[in-house]
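Report on the following structure.
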Amino acid sequence: MASERSPPPPATDGRTGTNTSLRGDYSRADGEYVVEQDWAAYTADEHALYVRLFLRQSRLVPRYACAQFLDSLARLDAGGAIPRFDAVSVRLRQATGWELVAVPGLIPDDVFFRHLANRRFPVTVWLRKPEEAEYIVEPDVFHDFFGHVPLLFEPVYADYLQEYGRGGLKALGLDALGYLARLYWYTIEFGLIQEGGNAGPSAQGTGLRVQGNGLRAYGAGLLSSSGELAHCIDDLGAQRTRFDLLRIMRTRYKIDSYQPRYFVIDSFKQLLAETRPDFTPLYVKLRGLSEFSAEEAAAEDVPA
Ligand code: PHE
Ligand code: FE
């Protein structure tokens, strides 16, 4: 599974799939890879680029993002400059008990899971270069903040992410990280939600996708992407399948192109309920099952 990375995944907008060395400054990180954000060190150009990225996505999200994301984004009011993590943490702690920690970039799996399990969300401190506005390989502060942080204000989603962290620590001990990483990918990074419950396949058979049918993005890789956010909802060639835990854990993913398939939940409550049971027997079962490529359809797939 060389093409599959454990969370946090390397990709946000476009993906190259090449794993070059990490670009952050790890020299000042503590044992849990936490650094000072050093907000004063951001340049005026960096703030300006952040604002440009923020405005670009802000124009897209009303049409494509889930309601909880839009609510939180509006209340965050974080579009005027690169946000101060400390200030956001104060509000986040009040809302759901989460806080942000600054990290130099990608961190080891066990460290990442420990942060999540303790309701700490690691946010990369550095910002992409202007030439990476459309396309970046590693997560930067824009992806991490814009894509991930607003939903941390949503109580059920917030619980799910903590459970994921606990599940990650457990999966490490069971040598099952490859399976669990797929769940991260297909929910936290590239998940879709059918608002108002499952309305069935939209305009199935007509070749048309009805606008405003309540299909929305909640995955951070989508929410922070200039191209894939519209693609995942509007594109008729993208496959959308109802959430199915076992199916997801059997499905490889692409890190170097748009996803050929998205998995659609009805609600965060459903997501949490279906992932709450102990995965230990599931991991055992998975070892005896074949895998699906990212493109391949399965007989039991239910279109969403
Ligand atoms: N129930 C999972 C387990 O036993 C933990 C988990 C919860 C993982 C939610 C991911 C998301 O491992
Ligand atoms: Fe991410």
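The values are calculated or read from the model by the stated rules, or taken from the named source; none is laboratory data. Because the structure is a prediction, the values reported are computed rather than measured. We place every Cβ from the backbone using ideal geometry, glycine too, and count neighbours over all the protein chains shown. Just the protein is used for accessible areas: all its heavy atoms, side chains included, with ligands, DNA and RNA removed. Shrake-Rupley method; radii C 1.70, N 1.55, O 1.52, S 1.80 Å.
When only the Cβ of Lys, Arg, Asp and Glu is charged (+1, +1, -1, -1), the dipole of the chain relative to its Cα centre reaches about 520 debye. Computed 3J(HN,Hα) for the range 280-285, one whole-Hz value per residue from the Karplus formula 6.51 cos²θ - 1.76 cosθ + 1.60 where θ = phi - 60°, is 3, x, 5, 4, 5, 4, glycine and proline marked x. Computed log10 I(q)/I(0) for the chain at 0.08, 0.09, 0.14 Å⁻¹: -0.32, -0.41, -1.06, from the Debye equation with unit scatterers placed on every C-alpha and solvent omitted. Structure remark: mean-square fluctuation, Gaussian network model of the chain, C-alpha springs under 10 Å; the largest value among V103, V264, V284 belongs to V284.
For a modelled paramagnetic label at D25, 7 Å from Cα along Cα-to-Cβ, the residues of the range 86-106 in reach, with backbone nitrogen under 12 Å, are 104. In this structure the amide hydrogen of L215, modeled in the peptide plane, comes within under 5 Å of the amide hydrogens of E195, none closer than 5 places in sequence on its chain. Multiplying the residue separation of A41 and Q94 by 0.36 nm and subtracting their alpha-carbon distance yields 16.3 nm.
Only one residue of L229, L215, V284 has its Cα farthest out toward the positive end of the dipole of the range 209-304, where Lys and Arg carry +1 and Asp and Glu -1 on Cβ, and that residue is V284. Once the Cα-Cα distance is subtracted from the 0.36 nm per residue extended length, the L236 to K129 segment shows a gain of 35.3 nm.
Close amide-amide hydrogen proximity is noted between R242 and V264, V302, A304, each under 5 Å apart and 5 or more residues distant or on a separate chain (H modeled in the peptide plane; Pro and chain starts excluded).
Comparing the range 22-108 with the 2.2 N^0.38 Å rule of thumb, its C-alpha radius of gyration ratio is 1.23 (two decimals). Using a simple spin-label model with pseudo-atoms 7 Å out from Cα toward Cβ, A81 and A48 lie 1.6 nm apart. Give me D for the range 93-142 in µm² s⁻¹, whole number, from Stokes-Einstein with Rh from the Kirkwood sum over alpha-carbon pairs, 25 °C and 0.890 mPa s. Estimated via Stokes-Einstein, D reaches 203 µm²/s. Only protein atoms count toward the accessible area here, which uses a 1.4 Å probe; on the chain, the carbon and sulfur part of that area reaches 53 percent.
Averaged per residue, the chain has 42 square angstrom of accessible surface, using a 1.4 angstrom probe with ligands and nucleic acids left out.
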